[in-house]
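Below is one structure, written out as structure tokens; the observations come after it.
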Number of protein chains: 2
Amino acid sequence: MTAVPSADDSPGSDAAYADRARALDEADPLGRFRDAFEPSPGLVSYLDGNSLGRPTRAAVDALRSFAADQWAGRLIRGWDEGWFEKPLTLGDRLGAVTLGAAPGQTFIGESTTVVLYKLIHAALGARPDRRVIVADTHNFPTDRYLVDGIARATGREVRWIVPEQEAGVTPAQVAEAAGEDTALVLLSHIDYRTGRIADAGAITGIAHRAGALVLWDLCHSVGAVPVELDEWGVDFAAGCTYKYLNGGPGSPAFGYVAARHIAAVTQPIQGWMGVADAFEMGPAYRPHAGIRRFVSGTPSVLAMVPLEAMLCLIEEAGLAAVRAKSVALTSFALELYDAWLAPLGVRLGSPREAAVRGGHLTVHHELCRQVLPVLWEQGIIPDFRTPDGLRLGPSPLSSSYDEVRAGVQGIRNALVAAGA
Amino acid sequence: MTAVPSADDSPGSDAAYADRARALDEADPLGRFRDAFEPSPGLVSYLDGNSLGRPTRAAVDALRSFAADQWAGRLIRGWDEGWFEKPLTLGDRLGAVTLGAAPGQTFIGESTTVVLYKLIHAALGARPDRRVIVADTHNFPTDRYLVDGIARATGREVRWIVPEQEAGVTPAQVAEAAGEDTALVLLSHIDYRTGRIADAGAITGIAHRAGALVLWDLCHSVGAVPVELDEWGVDFAAGCTYKYLNGGPGSPAFGYVAARHIAAVTQPIQGWMGVADAFEMGPAYRPHAGIRRFVSGTPSVLAMVPLEAMLCLIEEAGLAAVRAKSVALTSFALELYDAWLAPLGVRLGSPREAAVRGGHLTVHHELCRQVLPVLWEQGIIPDFRTPDGLRLGPSPLSSSYDEVRAGVQGIRNALVAAGA
């Protein structure tokens, strides 16, 4: 099957979709935020906000002013003037703007991997007599590798849920897997491949009824899809800040520990920045009474600068409005998929229902791997997931509808040129 | 006792020392590098290079150009164009310029605490039947807290060496402490309080004769004092990059694993970036054959930018010349201590012999805590270590002799004003 690009403006034509996109952009209440991002020369369509958000202009300025004014200007005095508290003050702000988390429960740490490692150990320490970790085979590799290694090191066992691809991990599967032997349930709120949103509130309740704790990986939610950690009664959560929080390549991850657990849990990477008084430098590790106990070494203050700039924008826009635009962008992408990609035999790997659809769509075709470099060369940037998936992740504050239109149109054209 | 500032230029007078300092600066073969650093308005004397190095001008520019050109310009494509390999390529460069380490053994990781955590576990895993970790009570808190926690978690025991303050940890003490039950000896190459350099080559040999492995904390050496990891036969090393490597507040730490160990050791924070093929995203963690296995999650690429800029400067100056200037700066500081501080009852806590003296000097007086804020307010910035120490750590490429003179003179004046 082929779809021949049409030049007229009849319904369904390229021109008609271009008109639609322009109209949507004109009516976009968040459209003004697009100017808040640093220009990317040659960029036609960025569909990889789910992998690496674009830099805000404010972040570029803030990096310079941090280096020149704070680092050069205050030097070591900066530690007394906000840097030392930054993992907690910025954590609180992130918690308020994106996580539904009251203050004192969120910290900025190292990579998502390291933060998850700490939180998995903390949860197991809180359930010493339970030997099972429930996880799922579709979770992101780092999550799976971590529980595997930690289970082996601590004499636990991983009980793997195998989700049906379309349905994701269901509450029923968790109810079946989590029992009185279960210490921890580790899941992703949004599946990194399908973009499906799990029912985190329901699943958290089910795990709790079995006496287990829950750790949610929020990497693909935070900043695009509202999360209500306190309301859902979540125990632990972690996520990255370089996707929809535009923190920059490898920016530090965050962790959340519910207030009711903090004083009773410990984490294994016992560093000097996590103690009651770091500059006392005493003989024994005495963990801080609060969430600071999850801090280990010196926090990467410089690397937190872009994240802070993006949180200002999300706060200004409001996360509900961000989510509404995200849904509108992926709905438009779905419409274009139906018109332009489905006829080529491209398969949709994401839910159609907006309520369970996260910030990205995944489409599958055997030629995806082959067309990716062609698209990148043209400034059309989705990302690829082995073996045959393209993920389309517009970023609500930086993406236009016309960018989505240009991206899907470019994918169609590349697939047609490759023989689809 | 008091030292009255004198206005004349007789030997030993303030004016005479100011002349000396100026002459030393004029003759300084590395003097031109001082212009390579971002100006710090109001800064009179920065003596805290041992805690936080100043930003290079190149770093400030590079942060901007990284954000605008690489992050905004290349977006996700950057991962294929150098970012993914950055922890290893920059590690190799750091190894070559500062560590005496051949390629393929050094990685850039998270905080020093996290990197030490990985390396301690790796070492214990390589000596499964030995249950003792030898460490010393004067090591930096994070090192002590980590071994304490890891020993408890893995059923090991810490055998604590108590160094004589003046002598530091001696080879004889290590010979006595490390036996056939010893898995690992963890020590700092330079004592963070006294600045004394341990005999790392001799101690490594002694530990090896007992069948133990050695992990050196290089935080206070790297970039100021030459280190020869390969030549000394060291097994593991780690260190921070925000002191004499001017990487910025909380910049990522590095780790070193000797080539002969890499394929046989594992680390506990099993993340997706440490596997043989990260983008295969396969079901099981299969560690990369090389040093990449010590990488866990997504590396903090943005946070490595300033480090790279500083390595260029050290490479250009040559580490031997950097060390020579460091010795000359601390020798001059010692001379000023003798003239101005010793008469006030200030005690020297660092070795006088240059061969065992690292990049900083520590002086002690009960009024140090009290005068610190006064000094900081004046733009004279040493750092304080509880209970009564001031550390004077000039940074070889950014510090002038006159800055050292102004700093010690300011300390003297503040102590006199406080009643010393």
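Would you confirm whether any residue within the stretch B:68-87 is touching a residue at least 60 places away in the same chain (Cβ under 8 Å) and open to solvent by 30 Å² or more (accessible area, probe 1.4 Å)?
The answer is yes, given that some residue of the stretch B:68-87 is touching a residue at least 60 places away in the same chain (Cβ under 8 Å) and open to solvent by 30 Å² or more (accessible area, probe 1.4 Å).
A:V322: part of a helix (DSSP H, G or I) and open to solvent by 40 Å² or more (accessible area, probe 1.4 Å), yes or no?
So A:V322 does not fit the description; no.
Quick one: is B:G393 within 11 Å of another protein chain (Cβ to nearest Cβ) and either under 25 Å from B:P226 (Cα atoms) or surrounded by 24 or more Cβ atoms within 10 Å (Cβ to Cβ) (or both)?
Yes; evaluated as a whole, the condition is true for this residue.
Residues of the stretch B:302-314 being more than 7 Å from chain A (Cβ to nearest Cβ) and out of contact with any strand residue (DSSP E or B) (no Cβ under 9 Å at 6 or more places or on another chain), which ones?
Across the stretch B:302-314, the qualifying residues are B:V305, B:E308, B:L311, B:I314.
Is there a residue in the stretch A:215-222 that is of a type outside the set (K, R), closer than 18 Å to A:V327 by Cβ, out of contact with any strand residue (DSSP E or B) (no Cβ under 6 Å at 6 or more places or on another chain) and not in a strand (DSSP E or B)?
Looking for residues that are of a type outside the set (K, R), closer than 18 Å to A:V327 by Cβ, out of contact with any strand residue (DSSP E or B) (no Cβ under 6 Å at 6 or more places or on another chain) and not in a strand (DSSP E or B), one finds none in the stretch A:215-222, hence no.
Can you tell me which residues in the stretch B:228-280 are aliphatic (A, V, I, L, M), at pLDDT 95 or above and out of contact with any helix residue (DSSP H, G or I) (no Cβ under 7 Å at 6 or more places or on another chain)?
B:A258, B:A259, B:A263, B:M273, B:V275
Could you check, for the stretch B:125-146, whether at least one of its residues is touching a residue at least 40 places away in the same chain (Cβ under 8 Å), open to solvent by 20 Å² or more (accessible area, probe 1.4 Å), outside any loop (DSSP other than H, G, I, E, B) and among the aliphatic types (A, V, I, L, M)?
Yes: one or more hits.
Evaluate the following for B:T241: is it surrounded by fewer than 19 Cβ atoms within 10 Å (Cβ to Cβ), more than 7 Å from chain A (Cβ to nearest Cβ) and β-branched (V, I, T)?
no
Condition first: closer than 16 Å to A:G95 by Cβ and surrounded by fewer than 24 Cβ atoms within 10 Å (Cβ to Cβ). Can you find one or more residues in the stretch A:262-284 that meet it?
yes
Only residues that are open to solvent by less than 10 Å² (accessible area, probe 1.4 Å) and not in a loop (DSSP other than H, G, I, E, B): list them for the stretch A:250-261, please.
Scanning the stretch A:250-261 gives A:F254, A:G255, A:Y256, A:V257.
This table checks each residue for (1) in contact with a Lys or Arg (Cβ under 6 Å, 6 or more places away or on another chain); (2) open to solvent by 40 Å² or more (accessible area, probe 1.4 Å); (3) over 30 Å from A:R347 (Cβ atoms).
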{"position": "A:R159", "(1), (2), (3)": "no, yes, yes"}
{"position": "A:E164", "(1), (2), (3)": "no, yes, no"}
{"position": "A:V169", "(1), (2), (3)": "no, no, no"}
{"position": "A:A177", "(1), (2), (3)": "yes, no, no"}
{"position": "A:A183", "(1), (2), (3)": "yes, no, yes"}
{"position": "A:S188", "(1), (2), (3)": "no, no, no"}
{"position": "A:D199", "(1), (2), (3)": "no, yes, no"}
{"position": "A:I203", "(1), (2), (3)": "no, no, no"}
{"position": "A:I206", "(1), (2), (3)": "no, no, yes"}
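Output the number of the condition that B:L43 fails; it satisfies all remaining conditions of (1) open to solvent by 20 Å² or more (accessible area, probe 1.4 Å); (2) of a type outside the set (G, A, S); (3) touching a residue at least 60 places away in the same chain (Cβ under 8 Å); (4) part of a helix (DSSP H, G or I).
Every listed condition holds for B:L43 apart from (4).
Please specify each residue of the stretch B:99-124 satisfying the condition of being buried (at least 24 other Cβ atoms within 10 Å of the Cβ), more than 30 Å from B:G318 (Cα to Cα) and at the interface with chain A (Cβ under 10 Å from one of its Cβ atoms).
B:Y117, B:K118
Does A:L367 qualify as being open to solvent by 20 Å² or more (accessible area, probe 1.4 Å), of a type outside the set (D, E) and free of Cβ contacts under 8 Å to residues at least 24 places away in the same chain?
No, not satisfied.
(1) without any contact (Cβ under 8 Å) to a residue 40 or more places away in the chain; (2) open to solvent by less than 10 Å² (accessible area, probe 1.4 Å): which one isn't true of B:A210, the others all being true?
(2)
Among the listed residues B:G282, B:G297, identify the single one that is free of Cβ contacts under 8 Å to residues at least 12 places away in the same chain, under 30 Å from B:W71 (Cα atoms) and either outside the structural domain of B:R196 (by TED's automatic domain parsing) or not in a strand (DSSP E or B) (or both).
B:G282
Kindly indicate which of A:G247, A:G201 is assigned to a helix (DSSP H, G or I), within 22 Å of A:H360 (Cα to Cα) and of a type outside the set (V, I, T).
Exactly one residue qualifies, and that residue is A:G201.
Give me the pairs: first residue in the stretch A:217-233 and surrounded by 24 or more Cβ atoms within 10 Å (Cβ to Cβ), second residue charged (D, E, K, R), beta-carbon distance under 6 Å, and six or more apart or on different chains, which are they?
Matching pairs, first to second residue: A:D217/A:D143.
Might you let me know whether the stretch B:51-60 holds any residue that is in contact with a strand residue (DSSP E or B) (Cβ under 7 Å, 6 or more places away or on another chain) and either more than 10 Å from chain A (Cβ to nearest Cβ) or part of a helix (DSSP H, G or I) (or both)?
yes
Inside the stretch A:130-176, can you point out the residues that are among the acidic types (D, E) and more than 22 Å from A:I206 (Cβ to Cβ)?
Passing the criteria: only A:D148.
Out of (1) within 19 Å of B:V322 (Cβ to Cβ); (2) facing chain A (nearest Cβ under 7 Å), what's the single condition that is false for B:L75?
It fails just one condition, (1).
Out of (1) in contact with a Lys or Arg (Cβ under 9 Å, 6 or more places away or on another chain); (2) open to solvent by less than 10 Å² (accessible area, probe 1.4 Å), what's the single condition that is false for A:S331?
(2)
Would you mention how many residues in the stretch B:46-65 are open to solvent by 10 Å² or more (accessible area, probe 1.4 Å) and more than 27 Å from B:G410 (Cβ to Cβ)?
5
Check B:P283, B:P299, B:P268, B:P249 and return the single one that is in contact with a Lys or Arg (Cβ under 8 Å, 6 or more places away or on another chain), within 8 Å of chain A (Cβ to nearest Cβ) and over 25 Å from A:D383 (Cβ atoms).
Being in contact with a Lys or Arg (Cβ under 8 Å, 6 or more places away or on another chain), within 8 Å of chain A (Cβ to nearest Cβ) and over 25 Å from A:D383 (Cβ atoms) holds for just one of B:P283, B:P299, B:P268, B:P249, which is B:P268.
The values are calculated or read from the model by the stated rules, or taken from the named source; none is laboratory data. This is a predicted model, so every value here is computed, not measured. Backbone-built Cβ (ideal geometry, glycine too); neighbour counts: all protein chains shown. All accessible areas refer to the heavy atoms of the entire protein, side chains included, with ligands and DNA or RNA removed. Shrake-Rupley method; radii C 1.70, N 1.55, O 1.52, S 1.80 Å.
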